[in-house]
Amino acid sequence: MFAFVLSSCIKDELPNTECDIVSAWVEGEQYATSFYHPSQMRHDNISTAEKEIVFSVRSLISLPKSLPVNFTITEGATIQPASGSEQDFTKGPVTYVVTSEDGEWKREYKVTFKEATMPTYKFSFENYETIQSSSNYYHEFYEVDQSGTHHNIWASGNPGAILIKTNSKAEEQPTYSTPNGYAGRGVCLNTQSAGPLGEAFHKPIAAGNLFIGRFVPEKVLFEPLKATEFGRPIDRVPIRVTGYYKYTPGPVFTDMEMNKYPNRTDEASIYAVFYRNKDNEGNDVLLYGDDVLSSPFIVKKAEVATLPPTSEWTRFEMFFEGNEADDVILAAQGYSITLVFSSSKDGASFEGAIGSELLIDEVEMTFENTDND
């Protein structure tokens, strides 16, 4: 199973580790002005689950039409177009193909330059893609901006959950798109058993979750709290989040040792965090499962105090509380935001009730001194 987690290349949909992009970067002072910060010019330790590498820039209009991206790839592999070759990214993604040393294995990556702003602040969850991994399928949600560009701002634990499954449908995963939303489609999050393997690693449940950020499946078994990387840069200060939910807790609450607590009822969670994404030395800051609600870089956070069980669509509302944002830092994209939903509040600690189900839809953020897009 560990070998499976580390695998990534595909031949007849089987994984392989010999044709990966490890890092990608843009270098040169003539390109630095296109970015808010030099750290945005480089991606290191790229996950083997990635199929798209996104560089965040100030503006696509001012982006040079001839721009070189450099790559580090696995030993012996080759890449086309060549590393460092000049490409036009203003027309959309450029596809790079990495081929293993023996020529048998290939993997495609789309390299994209996108403006470093959230594409929308109204989330109806109508847009999703069905991803195939070996014999399993799962849903991946995305947003679409006014130009029609896709933005993969959402992540879930689905790429980790499928590691213990075979021949599973997208609707059998902890997080999936449902046609029965408040308006149109919505998201269903459900807490599932992680099977014998999960129990062996003291991770017996997989709570359904959806969050703004990135999921790194290689860390699931040995660093599960580092598998969730929360946040995306934002250029405004949040005030409130509203939306609609349904919630049914599972029948039996258990802990990470599968001890049963008959007097304890599972709870769902919805919260948001607004935080500094650079430290005082200019180094990148990310929030993970172990500090998303406790990091010293948090400026404001919002949390729904209680989510009573309900079979009817019910409105929720939460307000951000905390410190004031710095206008200079805000203008430089120095803050990030995440919005998190989970079918089991303590799912990150592998406590909850199998069968708990949270449905969400029509979520909206509002902000200081600006109209929503």
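FYI, it's all coordinate maths here, none of it is from the lab. Bear in mind the structure is a predicted one, so any value in this text is a computation, not a measurement. No Cβ is skipped: glycine too gets one built from the backbone with ideal geometry, and neighbour counts run over all protein chains shown.
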message = Positive end of the dipole of region 117-373, charges at C-beta (+1 Lys, Arg; -1 Asp, Glu), about the Cα centre: which of PRO249, GLY195, LEU330 has its Cα farthest in that direction?
response = GLY195
task = Run a plain Debye calculation on the chain (Cα atoms as equal point scatterers, no solvent) and give log10 I(q)/I(0) at q = 0.07, 0.09, 0.13 Å⁻¹, rounded to two decimals, same order as the q list.
result = -0.31, -0.53, -1.12
query = Which order, highest average first, do 204-211, 328-335 follow once you tally other Cβ atoms within 10 Å for each residue and take the mean per peptide?
reply = 204-211, 328-335
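Let me spell out the model: positive unit charges on the Cβ of Lys and Arg, negative unit charges on the Cβ of Asp and Glu, origin at the Cα centre of region 171-246. What dipole size does that give, in debye rounded to 20? Can you show the working numbers first?
Details: 9 positive and 7 negative charges, 76 e Å.
That gives region 171-246 a dipole magnitude of about 360 debye.
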task = Calculate one ³J(HN,Hα) per residue across region 322-338 by plugging θ = phi - 60° into the Karplus curve 6.51 cos²θ - 1.76 cosθ + 1.60, and present them in order as whole Hz with x for glycine and proline.
result = x, 9, 6, 8, 8, 4, 5, 5, 4, 5, 9, 6, x, 10, 10, 9, 10
query = Over region 1-115, with a single point scatterer placed on each C-alpha, what log10 of the ratio I(q)/I(0) does the Debye formula yield at q = 0.11 1/Å?
reply = -0.37
query = Mind listing the phi-derived Karplus ³J(HN,Hα) values for region 45-51, rounded to whole Hz, using 6.51, -1.76 and 1.60 with θ = phi - 60°, and x for any glycine or proline?
reply = 6, 5, 5, 5, 8, 6, 10
task = Find how many whole Å separate the alpha carbon centroid of region 23-56 from the alpha carbon centroid of region 254-320.
result = 29 Å
ask   = In Å, what Rg and Dmax follow from the Cα atoms of region 226-373?
value = 16.9, 52
request  = Taking the Cα centre of the chain as origin, sum charge times position over the Cβ atoms of Lys and Arg (+1) and Asp and Glu (-1), and report the length of that vector in debye to the nearest 20.
outcome  = 400 debye
query = How would you rank THR112, THR242, going from fewest to most other Cβ atoms within 10 Å of each one's own Cβ?
reply = THR242, THR112
key: Table column - 3J(HN,Hα) (Hz), region 268-281, Karplus curve with 6.51, -1.76, 1.60, x for Gly and Pro   = 8, 9, 9, 8, 9, 9, 10, 9, 6, 9, 9, 8, 5, 9
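I need the semi-axes of the equivalent ellipsoid of region 19-78: take the C-alpha gyration tensor, multiply each eigenvalue by 5, square-root it, list largest first in whole angstrom.
Details: eigenvalues 106, 28, 21 Å².
Over the Cα atoms of region 19-78, the ellipsoid semi-axes are 23, 12, 10 Å.
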